[in-house]
Structures are given as C-alpha cells and as structure tokens.
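> Pasting in a structure now, in structure tokens, and then I'll have a few things to ask.
The values are calculated or read from the model by the stated rules, or taken from the named source; none is laboratory data. Note that the structure is a prediction, hence the values are computed from the model and not measured. Heads up, the Cβs are rebuilt from the backbone with ideal geometry, glycines too, and the neighbour counts pull from every protein chain shown.
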Amino acid sequence: MAASGRYLRKCTMSTTALEIHDMTVAYQRRPVLWDIDLQIPAGKLVGIVGPNGAGKTTLIKAALGLVPLASGKVEIHGKPYHQQRQAVGYVPQRESVDWDFPVTVRDVVLMGTYGSLGWLRRPGRSEHAIVDRCLQQVGISALANRQIRQLSGGQQQRVFLARALAQDAQLYFLDEPFAGVDAATEAAIFKLLQTMRSAHKTVLVVHHDLQTVRDYFDHVILLNMRLVACGPVETTFTQENLHLTYGGRLTILDEAAEAMRQREPQR
Amino acid sequence: MMGTLFFDSLNLSQKVMLGTALLGGISGVIGSFAVLRGRSLVGDMLAHAALPGICLAFLLWGTRDLWALSLGALTSGLLAIATVTWLVRWTRTKEDAAIGIVLSTFFGVGVVLLSVIQKPHIGGNKAGLDSYLFGEPANMLSDDLVLLTVVAGVILSLVFFFFKEFQLVCFDTDFAQSQGWPTLKIDLTLMAALTVVTIVGLPIVGVILMAAMLILPAATARLWTNRLQVLLVLAGLCGMLAAVGGTQLGRGLPAGAAIVLTAAGLFVLSLVLAPQRGVVARLRSEWQLRGRIAREHLLRSLYELNEPYLPARQQLPLQSLQDYRHWSALPKLLDAAEADAFVERQDKTVRLTSLGLKRAAELTTAHRLWEMYLMQHAGIAPDHVDRDADDVEHLLPAALLVELEQQLEQEGRLPNTITSVPDSPHQLEGPSESSTP
C-alpha cells in the first residue's frame, strides 16, 4: 500500500508545478502570511490577487526563499527550492532596483543567464544569442545598447521580462509586471504570457486590476494574509470569494497579529 | 624578501609615486562598488573609526609598526560596522543617523587617545601617529609598499574574476539570491575589500579625507560612461591621477588634502565637460532644441500666414510676420531658413519655397494633431492648448504622430485644414508662379 501511495504521489508531482504546504511568514515576528496551503498545476497562468498589504509579494518572496519561512515548506516540481533554482524565473517589482545603475539593457538581460553559468565563467557567444532572442521576444531589440535609465517604464518592465526569459525556467514569478506600463507594453506582456503558457511554462503573476483577471489568467490565488481561495478562474473568481478577500481588512487575523506584536517587549 | 629588496632600491619620490598610484587605483575601483551599492558613507565611517584602533595599538605595542597599527585600525573599523548594524537592527535609528553617530563617537575617542599619546611622558614618539589624521605619503616605507602591492593584487584579481557576481549583487540582490548566489557572502567580500583599502589608505591620505578617495573617482567616472566595466577602469585611472597628481602638485601641503582637491578638480572638470551628463553637453542640447523650436515656429507661422492663399505661395510682407507672434531673433531665423532653402526673401517680403511649404505643412499638421489630441483626450481647455502644444510637439516621436493621426482620422476628427494640405507642393509650382506679380 505504502509503495503504491508513493507511486501515486510521484505521478502527481510531474503535473504540480508549485506546492506550498502550511506556510507561515513573519516579519519581525509579526505574521504576514498564515498557513498557506496551495497547489498550482503546471502550464497555467495564475493571477495572485488581493488588497494592499495582503502579502502577495511576500508570498512570492517566500516561495523564492528571499524571506525566511516561520513554518511550512515550498516544493517546486516536487523538490525543495534550493534544488530547483534553475527551474525558477523571477521578475521583481520595477522599483526594486536603481535604474541609474551603469548597465545597458543587454547587460541586464545577460544576468538572466548567470544562474546557469555559475562561478567564474563569463557569458559568451551562446549567452549573447539567448539575450538577442529574448530581447526580440519582448520587442526591445533596438534598445539593446541603451543605458537602462533612458527607457520608459514599459520598456524597463520589458527588460526585466527579457531577463527572466533568459533564465529559461519552468516556473515564473512576476511581481506586478503590469504596474505603471503603457497600453502597448500591457498587450505585449499579455501576448508573452500566452506564449509562455503554450510552451507549458507555469507563470504566477501578482496582479492589481481585477477587471482583467478573467481575460489574462487560468487560475487565481485570492489572498488576504491567509489564503481565501485558489483554483480555476471560472469557479474561484466569484463575487463571494472577492468579498471575502477585500471585504474589511481588520479580520481576526489582523487582531491576532497586532496582539502578538503588542506582547513583545517594547524597545 | 624580494619585494622589499626591489622597493628598497627606489628613492623616496619613486616610492611615493608608486604607493599613491596603487592606492588611488584600488580605492577608485572598490569605491565604485561602494558608491553603486549606496555605501559611500561606510568608507567614511571606517576611516574615522580606525583612529581609536590605531592609537590603542600604539599604546599597547608602543611602536609605530605598520602591521600592528593596521590590525588596530581593522579591529575598530569592524567594531564600528557592527555597532551601526546593531543600532539599525535593534533600535529605530535610521542608517545614515547611525553612521553619523558611530563615526563621530569613534573619531572623538581617537582624538582623545591621540592627545594622550602626544603627552611627553607617554613616549613622545608621536611623529608617526598624527600623520594618520591628514596623511603623509612622504613617510612611505618599503613595508608600506609591500602591503599596498599585495592588497592591490588581491583586490584587482577579485574584481577581475568575480566581476559578474559583484555586478549582479550590486544591481539586484534579490534576483541574484533567487538564482542561488550566496549574496551575503559576495556582499561581505565587497565590504571586506572596502575595509582593507580604507585601512591601507589611512597613512597616505589620512582618516579625515579617505572617504573622498573612495567616492570622488567613482562619481567622476560615472559621468563619462554608462557601463560598469568602463566605469571601474576609469575610476581606477582617475584615482591614480588624483593621488599622484595631488602628491606631486601639493608638496608642502597636507597630502590628503592635496590629493582630495585634485580628485575634486577632476570631478568638477568632468561635471562641465562630460558627454551627455556634463553641463556643457546639456546646455548645448538645450540650445539646439531651442533653436529647432524657433525654426519650426517660423515655418509654421509662415504656413499659417500663407494659408488663405493656398495652393499659392504668397509673398508675405515681413511686417506681417513680425506682428504675427513674438520673435526673439527674427532676422537670424530668416537667415537660417534661407540657408536651408525653405524661404526666399525679396525687399521687405518673404515667401516659402516649395521645399519650405512641404516642411511647414508637415510641422503644422503635427502641431494641429497634437492640439486636437490634447483637446479631445486630455481634457485641456482649448485656450491653453496652443502654448502646451508648442512646448511638447517638438519632442513627439514620429510613431506617436502616426498613431495620433490614425486615431483622429478614425474618429472623423482630422481637421479639414490638414487634409487640404497638398501632398506634394511640387504640383503647385505652375499656378503659384503665375500668381506672383
């Protein structure tokens, strides 16, 4: 029995891109995500939706190992994250870097290949070919040698996307790629997402615009410090779930978190 | 030791030249990373905080031994970094405030210790120590040169071999970590390099001005390039130039000050002369833009004055042009337009050439499209539009103009005046010629 159980679990592993089990994340001992349990099937476009401060970015950062977990675990294609780094791509929020940094568009996109290059090796012809392809895919080939400050917000976002594409990952985390971009870039990103889906990539996207959720995504994660719902858009993105997600931030969890913070000795 | 023997064979001025050049080079390179990482002040703090360590080491060992003093400097520098980290983490002190507090406190302790040391009964061997305040390259010994050479060798090879990793971590730490790089270790390596460079620089430049050696070459190089590889090389060269130049030019002055002032001179020079970011380049491009806008205003005014007579190209009295809008230098503008073969002048009249009419029609079309766009889409009161349009249309990329045109055309809002602008002014050649008196 046990053997067949293990076998069954292996079968599901190949189709589950991301599994988060019982995850709690705390900043300075104040929990911001409670008991998150979710599974994302491979090859889906997934929107992560919730009010400000719901922990959307934290969910991504915790899954990527950028913030420590207070408890729980994250598995990517059935393995812990540190064994799967090459399979994971990341697009941070645009404001997270200094755009005055002395690098060109090409330099930034090249960084996507560093993970597979490893220590000491320098990017060569094949890495530059990857960069050319990725730049073309997001439509900014002509800007390759520009300093990144000289780009518009939408173009900067495309640079980040191209860098993630250069990682050639299976699972992608995108933190608000649609924030503050022009209409042309939004359309380009959407098209890119569809291309990624048809290449059987799994893409998780922190998203703010509720109106486009149905158009853009297959799955949706509704989040407000805890997981409200996770599943296919048709069945999960309902009025009722949205109300649960957005209706009143001061839930029992807020109060609990506040109480825990109060209990800490004042410094 | 071979190295010491080689350095012993140099005379003092050669030693000073070599030592300051080495220090300038590595502080330029490592300072660039510190500046890009937003850590300009950390170098300053390290330098100031090293003073009490140097004094304590002297009190403990009773000699001005380079290695003992450097060890003391390193210890109190690291203690300062730890204190700042602790203050930021466990109290709500902001980082810049914490750095300010620690820097001045440690430096204060250092100055007190220095005054104790300088009392005659302590030993009086103060000659070496107060050179740490303002720097004294002329004290350069072979030992200092060995230390500088080793440090320079280690640091330059680190940067050469781990350039990719340093660049990645400095630009986007989270992304680097998501790729599995040990960002903390890479960051600490850079910090360690910064610490070591600061400490070997203290006897030459002095604790007060060492930070400038880290910041100024990096800031200067940043003005000249947009690529990190180039920036590192330029910052290294700039640091060398400042260090060597400063010690040579400023003989008899405190060396640290002479070096820093030379570096500042290079910075100011770059601020004026650098391409793109320099003052001259900016003024020039602004001046060029203004000139272009004025020339475009001229053509558009001529088009509008000529509009009632289209398709003819009318001889327009100069006075009517003069009255049409406010001009700052109309004769010069007309000279330029004539040189471009856009207008022909006769007595007190001016007339668009067919080439000029074509260009003027294009400009007018662009202007009106933009006006329409602002009125229809941006909700700006019509009487405000003209001025805004004048400012902005000159910056419009061609692609946006096409987009605007299509959009307005789709909505049936493309003004008649524009569709009636002839496609090719050449067809008008005949009738317009006959209409001239």
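> Being surrounded by fewer than 19 Cβ atoms within 10 Å (Cβ to Cβ) and assigned to a loop (DSSP other than H, G, I, E, B) is the filter; apply it to region B:28-66 and report the residue that is nearest to the other protein chains (Cβ to nearest Cβ).
Looking at residues that are surrounded by fewer than 19 Cβ atoms within 10 Å (Cβ to Cβ) and assigned to a loop (DSSP other than H, G, I, E, B), I get B:Gly38.
> Does region B:67-80 include one or more residues that are closer than 30 Å to B:Gly250 by Cα, modelled with pLDDT under 90 and not in a helix (DSSP H, G or I)?
no
> Something else: Within region A:124-147, which residues are within 12 Å of chain B (Cβ to nearest Cβ), farther than 23 Å from A:Phe178 by Cα and crowded, with 18+ Cβ neighbours inside 10 Å?
Residue satisfying the conditions is A:Glu127 alone.
> Check whether at least one residue in region A:82-92 is free of Cβ contacts under 8 Å to residues at least 24 places away in the same chain and facing chain B (nearest Cβ under 9 Å), and report yes or no.
yes
> Can you find, within region B:236-257, the residue that is surrounded by the fewest Cβ atoms within 10 Å (Cβ to Cβ) among those that are out of contact with any Phe, Trp or Tyr (no Cβ under 6 Å at 6 or more places or on another chain) and within 19 Å of B:Asp44 (Cβ to Cβ)? Steps first, please.
Of region B:236-257, the ones out of contact with any Phe, Trp or Tyr (no Cβ under 6 Å at 6 or more places or on another chain) are B:236-253, B:255, B:257.
Filter again for within 19 Å of B:Asp44 (Cβ to Cβ), leaving B:238-239, B:242-243, B:246, B:255, B:257.
Working: B:Cys238: 26, B:Gly239: 33, B:Ala242: 29, B:Ala243: 33, B:Gly246: 27, B:Ala255: 27, B:Ala257: 18.
Across region B:236-257, the extreme among qualifying residues is B:Ala257.
> Mind telling me which of the residues A:Gln157, A:Gln136 ends up being assigned to a helix (DSSP H, G or I) and touching a residue at least 60 places away in the same chain (Cβ under 8 Å)? Spell out the reasoning first.
Values: A:Gln136 fails: touching a residue at least 60 places away in the same chain (Cβ under 8 Å).
After ruling out the rest, the residue left standing is A:Gln157.
> Still on this structure: Which of (1) among the hydrophobic types (A, V, I, L, M, F, W, C); (2) more than 18 Å from the chain's Cα centre (by Cα); (3) assigned to a strand (DSSP E or B) does A:Phe101 not meet, given it meets every other one?
(3)
> Is it the case that some residue within region A:72-85 is on the phi > 0 side of the Ramachandran plot, of a type outside the set (D, E, K, R) and buried (at least 19 other Cβ atoms within 10 Å of the Cβ)?
Pass one, region A:72-85, residues on the phi > 0 side of the Ramachandran plot: A:72, A:77-78.
If we keep only those that are of a type outside the set (D, E, K, R) as well, we get A:72, A:77-78.
Within this subset, residues satisfying the condition of being buried (at least 19 other Cβ atoms within 10 Å of the Cβ) are A:77.
So far as region A:72-85 goes, yes, one or more of its residues are on the phi > 0 side of the Ramachandran plot, of a type outside the set (D, E, K, R) and buried (at least 19 other Cβ atoms within 10 Å of the Cβ).
> Going by the structure shown, is B:Ala235 aliphatic (A, V, I, L, M), away from every other protein chain (no Cβ under 14 Å) and in a helix (DSSP H, G or I)?
On the way: aliphatic (A, V, I, L, M): yes; away from every other protein chain (no Cβ under 14 Å): no; in a helix (DSSP H, G or I): yes.
No; evaluated as a whole, the condition is false for this residue.
> In the set B:Asp174, B:Asp143, which member is farther than 21 Å from A:Arg122 by Cβ, surrounded by fewer than 21 Cβ atoms within 10 Å (Cβ to Cβ) and more than 10 Å from chain A (Cβ to nearest Cβ)? Write out each step before concluding.
Working: B:Asp174 fails: more than 10 Å from chain A (Cβ to nearest Cβ).
Only one candidate qualifies: B:Asp143.
> While we're here: Is one or more of the residues making up region B:211-218 away from chain A (no Cβ under 14 Å), more than 19 Å from the chain's Cα centre (by Cα) and in a helix (DSSP H, G or I)?
Looking for residues that are away from chain A (no Cβ under 14 Å), more than 19 Å from the chain's Cα centre (by Cα) and in a helix (DSSP H, G or I), one finds none in region B:211-218, hence no.
> Right, something else. Taking the options B:Leu145, B:Leu190, name whichever one is more than 24 Å from A:Leu110 (Cβ to Cβ) and in a helix (DSSP H, G or I).
Details: B:Leu190 fails: more than 24 Å from A:Leu110 (Cβ to Cβ).
Result: B:Leu145 is the single residue among B:Leu145, B:Leu190 that is more than 24 Å from A:Leu110 (Cβ to Cβ) and in a helix (DSSP H, G or I).
> Any residue at all in region B:294-314 that is exposed (fewer than 15 other Cβ atoms within 10 Å of the Cβ) and either modelled with pLDDT of 85 or more or in contact with a strand residue (DSSP E or B) (Cβ under 7 Å, 6 or more places away or on another chain) (or both)?
Checking region B:294-314: not a single residue is exposed (fewer than 15 other Cβ atoms within 10 Å of the Cβ) and either modelled with pLDDT of 85 or more or in contact with a strand residue (DSSP E or B) (Cβ under 7 Å, 6 or more places away or on another chain) (or both).
> Report, by residue number, each residue of region B:214-255 that is touching a residue at least 40 places away in the same chain (Cβ under 8 Å) and hydroxyl-bearing (Ser, Thr, Tyr).
If the condition is that a residue be touching a residue at least 40 places away in the same chain (Cβ under 8 Å) and hydroxyl-bearing (Ser, Thr, Tyr), then B:Thr220, B:Thr247 are the ones that fit.
A quick yes/no check of all residues on (1) β-branched (Val, Ile, Thr); (2) modelled with pLDDT of 95 or more; (3) closer than 30 Å to A:Pro80 by Cα:
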position: B:Leu148; (1), (2), (3): no, no, no
position: B:Ala152; (1), (2), (3): no, yes, no
position: B:Phe163; (1), (2), (3): no, yes, yes
position: B:Thr173; (1), (2), (3): yes, no, yes
position: B:Leu184; (1), (2), (3): no, no, yes
position: B:Leu194; (1), (2), (3): no, no, no
position: B:Val207; (1), (2), (3): yes, no, no
position: B:Ala212; (1), (2), (3): no, no, no
position: B:Val233; (1), (2), (3): yes, yes, no
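> Looking only at residues in region B:81-112 that are assigned to a helix (DSSP H, G or I), of a type in the set (D, E, K, R) and free of Cβ contacts under 8 Å to residues at least 24 places away in the same chain, which one is nearest to B:Gly53 (Cα to Cα)?
The first filter runs over region B:81-112 and keeps only residues assigned to a helix (DSSP H, G or I), leaving B:81-90, B:95-112.
Those still in the list that are of a type in the set (D, E, K, R) too: B:89, B:95-96.
Right, trim to free of Cβ contacts under 8 Å to residues at least 24 places away in the same chain and you get B:89, B:95.
On the way: B:Arg89: 24, B:Glu95: 23 Å.
Checking each candidate, the answer is B:Glu95.
> Which residues, taken from region B:263-317, are in contact with a Phe, Trp or Tyr (Cβ under 7 Å, 6 or more places away or on another chain), closer than 30 Å to B:Leu209 by Cα and in a helix (DSSP H, G or I)? Show your work before the answer.
Of the residues in region B:263-317, the ones in contact with a Phe, Trp or Tyr (Cβ under 7 Å, 6 or more places away or on another chain) are B:270, B:274, B:299, B:301, B:305.
Right, trim to closer than 30 Å to B:Leu209 by Cα and you get B:270, B:274.
Once the filter is applied, which keeps residues that are in contact with a Phe, Trp or Tyr (Cβ under 7 Å, 6 or more places away or on another chain), closer than 30 Å to B:Leu209 by Cα and in a helix (DSSP H, G or I), region B:263-317 yields only B:Ser270.
> Do we find a residue being touching a Leu at 6+ places or on another chain (Cβ under 7 Å) and surrounded by 24 or more Cβ atoms within 10 Å (Cβ to Cβ) anywhere in region B:6-14?
The answer is no, given that none of the residues of region B:6-14 is touching a Leu at 6+ places or on another chain (Cβ under 7 Å) and surrounded by 24 or more Cβ atoms within 10 Å (Cβ to Cβ).
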